[in-house]
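J.: Please see the structure below; I have some questions.
The values are calculated or read from the model by the stated rules, or taken from the named source; none is laboratory data. What you are looking at is a predicted structure, and each value in this text was computed from that prediction instead of being measured. Using ideal geometry, Cβ is built from the backbone for each residue, glycine included, and neighbour counts are taken over all protein chains shown. What goes into the accessible areas is simple: the full protein's heavy atoms, side chains included, and nothing from ligands, DNA or RNA. Shrake-Rupley method; radii C 1.70, N 1.55, O 1.52, S 1.80 Å.
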Amino acid sequence: MFKHIRFALVDLETTGGQHAHDEIMEVAVRLVGEGVDDSWESLLDPLCSVPTFIQGLTGISQAMLRGKPTFAAVQDGLWDLLQDAVLVAHNARFDAGFLRANFARYGRQYSPPVLCTLKLARTLYPDWPKHGLEAICHRIGFYSEVHHRAMADVDAMKAFLDYARKDKGAAIFNFEVGLQLGIPVLPPSISQEDIDAIPCQPGIYRLLGEAGELLYIGSATSLQAQILAHFKNTAGDSKAAKLARRVGGVQWQMLAGELSAGLHVSFALRHEKPQMQRRIKAAGKPCCVRFVANDKGDIQLRLRSGLPANIVQTGEIVALFRDRKQAKARIIESASHSDLCLSRLGVLAVGEHCVCSVCDALADLSLPASTVSVAEPAAFNAGVTAAFAEYAYSPWPFDEPVLIREQNEAGHEEWHLVDDWRHYGSFHWDTNHQRLTEYAVHGVDNRTSISLLDARRRCEQSKDFQYEHYRLLRAFLNDLEWRRLSEFSADMPI
Ligand SMILES: [Zn+2]
């Protein structure tokens, strides 16, 4: 598995716990890898006095260090030894910190990939009460005459790694090591053949736990790459690593493209409630922002929760956001970017204050108020219109339902039935029978087959506006083929 990797098992004895103040007084390195097994150790003169407590703990006395080489004297050789190797240490942050600080004094930047055997012991053996090196040695039956001497500790780490690989099996051991090093390693229950079988095509996938429970649902432009990405993680105890650890199986479904994947995932997330994904909040109300002129002729923003029924006719609605919170955040962001006065825009709540250049100047009492130049309404309004253009709401551009066609290179095709930005289903088009067959979603094979007339009736049913669908659909407005229902069969066959 890690054939090409060299591991440098390292232990340092130091005069104290802080690399900024304390010095290294012993180094031991054991290089392990394919065809490599090499070790080196040395006491170092720390050029300072060693606290009595440390002398007692390590058994290294001041006298033993007299005449030994300094770090300066060994750093060239040590640097060569550690080059291109993964640093392995027990509580590796400690050793990495000391080495980094000491090499830095000689202009060398030491930042190797790190494997911490303490972290490894905690994840592989969470029920062991202690994970200190001594406790581990006791647990695995590895006895050494000395403790807290560098090479003895390196030998103990090696013994633990050998023990864990044998005890847990190579698959589990390599998986945990891979997670720490950020190398993609498959979970023990997933083979390379399983991964090879996944197409590099757009689609939706589900990660399942050991007992088949649903952990995660995602969409991808390349299923294989996206699924594999779940097993590569640099932070060994991140949320993603926790997910990867629980994966016992993968299900995937190829889809026609990104729009299809997005629509299916949004549906699946709402209906299947995966355990390792943040709960999808019940669809909150979107937030409309209107431009309203005040009596001075300035444009002011008015926020309104919910989508008015007559939004198509309401020309003054200029922006639409996921919810009120997002609306407020984006308004403040855009206003500050364009130096627009939030107070003048009428969006400040009680207790909030504006930091635009005008308000800033007015707050500066050393400047006479008459010298502060305030934009005329026309200029201000032009600025407001420009600042919020990117959030402009696009009214539904058709007067009837459409079928949006998405097709991938593999010839996989889907038709999405959409009216007034609402998604009414995804289908295969059956040319022979001139019918739409519903696409099977969330594992249930409910392949309803409907006529184009049924499709039109379906769109007459009321359906909640979903901001996510609106955003997704609008993004594909120019890239995909949108066909009016009334023109659909006439155009067929494709
Ligand atoms: Zn202001």
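J.: Check the stretch 42-57 and report whether any residue there is over 18 Å from THR14 (Cβ atoms), out of contact with any Pro (no Cβ under 7 Å at 6 or more places or on another chain), of a type in the set (Ser, Thr, Tyr) and not in a helix (DSSP H, G or I). It would help to see each step written out before you state the result.
T.: The initial filter retains those residues of the stretch 42-57 that are over 18 Å from THR14 (Cβ atoms), namely none.
No - not one qualifying residue is present in the stretch 42-57.
J.: Something else about it: Would you check if there is a residue in the stretch 193-205 being touching a Ser or Thr at 6+ places or on another chain (Cβ under 7 Å) and within 22 Å of THR123 (Cα to Cα)?
T.: no
J.: Any residue that is more than 16 Å from the ligand (Cβ to nearest atom), in a helix (DSSP H, G or I) and open to solvent by 40 Å² or more (accessible area, probe 1.4 Å) - is there at least one of those in the stretch 308-324? Let's see the steps before the verdict.
T.: Keep residues of the stretch 308-324 that are more than 16 Å from the ligand (Cβ to nearest atom), which gives 308-324.
Pick out the ones that are also in a helix (DSSP H, G or I) and you get 324.
Subsequent filtering for residues that are open to solvent by 40 Å² or more (accessible area, probe 1.4 Å) retains 324.
For the stretch 308-324, residues more than 16 Å from the ligand (Cβ to nearest atom), in a helix (DSSP H, G or I) and open to solvent by 40 Å² or more (accessible area, probe 1.4 Å): present.
For (1) among the hydroxyl-bearing types (Ser, Thr, Tyr); (2) surrounded by fewer than 17 Cβ atoms within 10 Å (Cβ to Cβ), each residue gets a yes or a no:
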site	(1), (2)
THR385	yes, yes
GLU390	no, yes
GLU406	no, no
GLU409	no, yes
HIS416	no, no
ILE450	no, no
GLU460	no, yes
ASP464	no, yes
LEU473	no, no
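J.: Now a separate question. Name every residue in the stretch 218-258 that is modelled with pLDDT of 85 or more and among the β-branched types (Val, Ile, Thr), in order of residue number.
T.: Result: THR221, ILE227, VAL247, VAL250.
J.: Then there is this: Quick one: which helices (runs of 4 or more DSSP H) lie wholly within the stretch 209-277 and hold at least 3 residues that are open to solvent by 10 Å² or more (accessible area, probe 1.4 Å) and of a type outside the set (Lys, Arg)?
T.: On the way: elements: 223-229, 239-246, 258-272.
The helices (runs of 4 or more DSSP H) meeting that bar are 223-229, 258-272.
J.: It is to be established whether one or more residues within the stretch 141-156 are among the aliphatic types (A, V, I, L, M) and more than 20 Å from THR58 (Cα to Cα). Steps first, answer last, please.
T.: Restricting attention to the stretch 141-156, the residues satisfying the condition of being among the aliphatic types (A, V, I, L, M) are 146, 150-152, 154, 156.
Okay, now just the ones that are also more than 20 Å from THR58 (Cα to Cα), so none.
Within the stretch 141-156 (the criterion being among the aliphatic types (A, V, I, L, M) and more than 20 Å from THR58 (Cα to Cα)), the answer is no, since none of the residues qualifies.
J.: Return the total of residues in the stretch 339-394 being away from the ligand (no atom under 12 Å from the Cβ) and on the phi > 0 side of the Ramachandran plot. Working first, answer last.
T.: In the first step, residues of the stretch 339-394 are kept if they are away from the ligand (no atom under 12 Å from the Cβ); the result is 349-351, 364-371, 373, 376-379, 381-394.
Retained after the next criterion (residues that are on the phi > 0 side of the Ramachandran plot): 351.
Counting residues in the stretch 339-394 that are away from the ligand (no atom under 12 Å from the Cβ) and on the phi > 0 side of the Ramachandran plot gives 1.
J.: Answer yes or no as to whether LYS328 is outside the structural domain of HIS230 (by TED's automatic domain parsing), open to solvent by 20 Å² or more (accessible area, probe 1.4 Å) and at pLDDT 90 or above.
T.: Values: outside the structural domain of HIS230 (by TED's automatic domain parsing): yes; open to solvent by 20 Å² or more (accessible area, probe 1.4 Å): yes; at pLDDT 90 or above: yes.
Here the answer is yes, as LYS328 does meet what is asked.
J.: With respect to the numbered conditions (1) open to solvent by 40 Å² or more (accessible area, probe 1.4 Å); (2) assigned to a loop (DSSP other than H, G, I, E, B); (3) away from the ligand (no atom under 16 Å from the Cβ), which one is the sole condition not fulfilled by HIS428?
T.: Unmet for HIS428, out of (1) open to solvent by 40 Å² or more (accessible area, probe 1.4 Å); (2) assigned to a loop (DSSP other than H, G, I, E, B); (3) away from the ligand (no atom under 16 Å from the Cβ): (2).
J.: Read through the list (1) touching a residue at least 24 places away in the same chain (Cβ under 8 Å); (2) over 17 Å from ALA101 (Cα atoms); (3) open to solvent by 70 Å² or more (accessible area, probe 1.4 Å); (4) not polar (S, T, N, Q), then give the number of the only condition that GLY35 fails.
T.: All conditions are met except number (1).
J.: What are the pairs, 6+ residues apart or on separate chains, where a residue within the stretch 341-354 that is among the aliphatic types (A, V, I, L, M) has its Cβ under 7 Å from a residue that is within 6 Å of the ligand (Cβ to nearest atom)?
T.: Pairs found: LEU342/CYS354; LEU342/CYS356; LEU348/LEU342; LEU348/CYS354.
J.: Can you tell me which condition GLN201 does not meet? The list is (1) of a type in the set (S, T, N, Q); (2) in a helix (DSSP H, G or I); (3) within 28 Å of GLU258 (Cα to Cα), and all the others hold.
T.: (2)
J.: While we're here: Looking only at the stretch 298-315, which residues are at pLDDT 65 or above, at negative phi and within 38 Å of the chain's Cα centre (by Cα)? Full working, then the answer.
T.: Looking only at the stretch 298-315, we keep the residues that are at pLDDT 65 or above, and these are 298-309.
With at negative phi added as a condition, the list becomes 298-305, 307-309.
Matches in the stretch 298-315: GLN300, LEU301, ARG302, LEU303, ARG304, SER305, LEU307, PRO308, ALA309.
J.: Got at least one residue in the stretch 404-423 being closer than 30 Å to LEU301 by Cα and part of a loop (DSSP other than H, G, I, E, B)?
T.: Yes, the stretch 404-423 has at least one match.
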